1. Among the residues of region 238-256, is there at least one that is more than 26 Å from D57 (Cα to Cα), at pLDDT 85 or above, small (G, A, S) and crowded, with 21+ Cβ neighbours inside 10 Å?
2. Do you know which residues across region 103-131 are within 13 Å of the chain's Cα centre (by Cα) and in contact (Cβ under 8 Å) with a residue 40 or more places away in the chain?
3. Of the residues that sit in region 148-168 and are among the polar types (S, T, N, Q) and within 10 Å of V243 (Cα to Cα), which one is surrounded by the most Cβ atoms within 10 Å (Cβ to Cβ)?
4. Any residue in region 23-42 that is of a type outside the set (K, R) sitting within a Cβ distance under 9 Å of a residue that is outside any helix (DSSP H, G or I)? List the pairs, counting only those 6 or more apart or interchain.
5. I'd like the full set of residues that are closer than 18 Å to G126 by Cβ and surrounded by 13 or more Cβ atoms within 10 Å (Cβ to Cβ), limited to region 197-210.
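The values are calculated or read from the model by the stated rules, or taken from the named source; none is laboratory data. Everything numeric here is computed off the predicted structure, so don't read it as measured data. Backbone-built Cβ (ideal geometry, glycine too); neighbour counts: all protein chains shown.
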Amino acid sequence: MSTQVEKVSANDLLKTKKRSQSADVWKRLRRSKTAVLGIILIAMFLGMAVFAPLIADYEQDALKLNVKERLQGPSENHLFGTDEFGRDIFSRVVYGTRISLFVGIISVSIALSIGGFLGAVAGYYGGRIDNVIMRILDVILAIPTILLAITIVAALGASMLNLMVAVGISNIPGFARIVRASVLSVKDQEYIEAARAIGAKDYIIILKHVLPNSMAPIIVYATLKVATAIMATASLSFIGLGVQPPTPEWGSMLAGGRTYIRDQMYIVLYPGLAIVLTVLSLNLIGDGLRDALDPKLK
């Protein structure tokens, strides 16, 4: 009976400690005005992505061609004006938010899953396994990220799925190095030795003890890499290797409007501004998280 009471008390204490740590991180994050600004901006874009059908009509405004209304400036009927095909730019920017955030998050998830696994294995086991994994990743890392993504998309074909795969693969080495460094910093701690002593299997130790205690730099790096992935998505779409027309995507909108940049600058202004604000917001959040998760800054 007393053992059960002790277990319940220990569990309650652990949960309370986790809640207090989360509350402490959130409190420090709120102190940063730039981080709060980033949260507000990204919340605005997430709201646009989630409630896009309530904001604009996809078929009528974002896709339907209307040559009679082509290249019209911002007005009450078209807040951001119309493009070279008479499509409403505001609607296309709104629905482009879905594409950019979706591709950015999924591609980073791919990179984090594969790179995190390789980095955790390399850091935990070390030795020959570490050398083999990291030397292979060093070869990939020697290729510029955008060039590697272009090569993969050109080989697989231009589509949204291949775009996510390409951006994800090109970011694997970075995640592997971050996770490996984090694992190396905690794998020799006393609680890891205690887990080995009671006979816990290696994958249990990695998943339950090593990775959870090395998540701070991984979270910060992942946040910043979502911004990088959005930039890469826009870049590949701009050169025709990403999301294909007529699907609204910020990079392809820039590519379509570059011919008219002198006389109808608004065609490229709004999708370009959407890219800048999204990337800026994620970078501000990443910097804020870095400071909030750093125990030295408490």
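1. No, that holds for no residue.
2. Selection gives V103, G104, I105, I106, S107, V108, S109, I110, A111, L112.
3. Here the answer is N162.
4. Cβ pairs passing all conditions: D24/K298; V25/L293; L29/L293; G38/S32.
5. Listed by number, the residues that qualify are D202, I205, I206, H209, V210.
Here is a yes/no grid of residues against (1) closer than 19 Å to L71 by Cα; (2) in a helix (DSSP H, G or I); (3) among the β-branched types (V, I, T):
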| position | (1), (2), (3) |
| --- | --- |
| V226 | no, yes, yes |
| T233 | no, yes, yes |
| P246 | yes, no, no |
| V268 | yes, yes, yes |
